[in-house]
Amino acid sequence: MLKRERQSFILRQVNLHNKVLSVDLCQEMDVSEDTIRRDLNEMAKQDKLIKVHGGALSKSFHLSIASDHVYALDSKKIIAMKACRLIKDGMFVLTTGGTTIIELAKALPPELSATFITVSLPAAYEYIHHPNIEVIFIGDRISKNSQISIGGGVVSKLNGIKADLCFLGTNSIDLKHGITDNDWEVVEVKKAMIEASDRVISLSITEKLNTTQRIKVCDLSKLTTLITEVDPQDQILKPYREAGIEIL
């Protein structure tokens, strides 16, 4: 694989999943750690990604409040508009982090009167500008990588909540492995949110379908609804429909 091809693959993976591990890139492209390290260093100098110990972070995600930098922004706006249709006045709504969640926050109709509970700093920033929703931020230690609060205190508070809806910003989703992620502490928070909610909705651009990460969040059986940017009858969604998940 040529350097140009490697770096194109790396950039797509880091923008798609927000974070990549060097060891995974080595396995996926069958190249040495030194090669990946050189690629990441070069791409960081070119301001294409953020180099961190053991991998890289997406500039698209970490500059997410400025919408011009968001990866697949048009697709995420479509997902956000679909998700808004599920929210009714008086509901208690849990949301995780991620750029699609932020687009959902921006798309909420001004007349909506509901309570939003979040662990995401960027999402909370958007919610507080809405004229009619109540905002509850569950705080603890902040993960710089994911920009959400994590830790036992967060999980404990979530265990005392019963929400109508949980919107999951989704890293990877697959028929066999369910929803997966690459950060253990973020996964623990997502698991607690799922258990605290009557209805669980995964928000995912289609590029994330049929992909997996190292840590399991939940089986597909935990999902009520999957929202993507494409038509619900699209063939790529057929296996998920057959698994009994509502598709929007």
Criterion violated by T212 - all others in (1) hydroxyl-bearing (S, T, Y); (2) open to solvent by 60 Å² or more (accessible area, probe 1.4 Å); (3) in a helix (DSSP H, G or I) satisfied:
(3)
Please enumerate the residues belonging to the range 174-196 that are within 20 Å of Q147 (Cα to Cα) and not in a helix (DSSP H, G or I).
I179, T180, D181, N182, D183
In the range 119-161, residue surrounded by the most Cβ atoms within 10 Å (Cβ to Cβ) [restricted to those that are in a helix (DSSP H, G or I) and hydroxyl-bearing (S, T, Y)]:
Y127
Limited to the range 217-248, what total is found for residues that are buried (at least 16 other Cβ atoms within 10 Å of the Cβ) and either of a type in the set (F, W, Y) or part of a strand (DSSP E or B) (or both)?
7
For I78, work out the one condition from (1) farther than 22 Å from D231 by Cα; (2) open to solvent by 30 Å² or more (accessible area, probe 1.4 Å) it doesn't fulfil.
(1)
Condition met for L112 (touching a His at 6+ places or on another chain (Cβ under 9 Å) and not in a helix (DSSP H, G or I))
yes
Please enumerate the residues belonging to the range 42-54 that are closer than 21 Å to N182 by Cα and free of Cβ contacts under 8 Å to residues at least 12 places away in the same chain.
K51, H53
Within the range 174-187, considering residues that are over 15 Å from S120 (Cβ atoms) and in contact with a helix residue (DSSP H, G or I) (Cβ under 6 Å, 6 or more places away or on another chain), the one surrounded by the most Cβ atoms within 10 Å (Cβ to Cβ):
G178
Among the numbered criteria (1) over 14 Å from the mean Cα position of the chain (by Cα); (2) closer than 28 Å to V20 by Cβ, which one does L86 miss?
(2)
Does R199 qualify as being open to solvent by 40 Å² or more (accessible area, probe 1.4 Å), part of a strand (DSSP E or B) and farther than 19 Å from S75 by Cβ?
yes
Any residue in the range 55-83 that is part of a helix (DSSP H, G or I) and at pLDDT 75 or above sitting within a Cβ distance under 8 Å of a residue that is among the small types (G, A, S) and surrounded by fewer than 22 Cβ atoms within 10 Å (Cβ to Cβ)? List the pairs, counting only those 6 or more apart or interchain.
L73/S67; K77/A107; A80/A107; M81/A107; A83/A107
Somewhere in the range 12-23, is a residue open to solvent by less than 40 Å² (accessible area, probe 1.4 Å), more than 20 Å from V186 (Cβ to Cβ) and of a type outside the set (K, R)?
no
Within the range 162-173, can you find the residues that are within 14 Å of the chain's Cα centre (by Cα) and either surrounded by fewer than 20 Cβ atoms within 10 Å (Cβ to Cβ) or hydrophobic (A, V, I, L, M, F, W, C) (or both)?
C166, F167, L168, I173
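The values are calculated or read from the model by the stated rules, or taken from the named source; none is laboratory data. Everything quoted here is computed from the prediction, not taken from an experiment. In this analysis, Cβ positions are derived from the backbone assuming ideal geometry, glycine residues included, and neighbour counts consider all displayed protein chains. Just the protein is used for accessible areas: all its heavy atoms, side chains included, with ligands, DNA and RNA removed. Shrake-Rupley method; radii C 1.70, N 1.55, O 1.52, S 1.80 Å.
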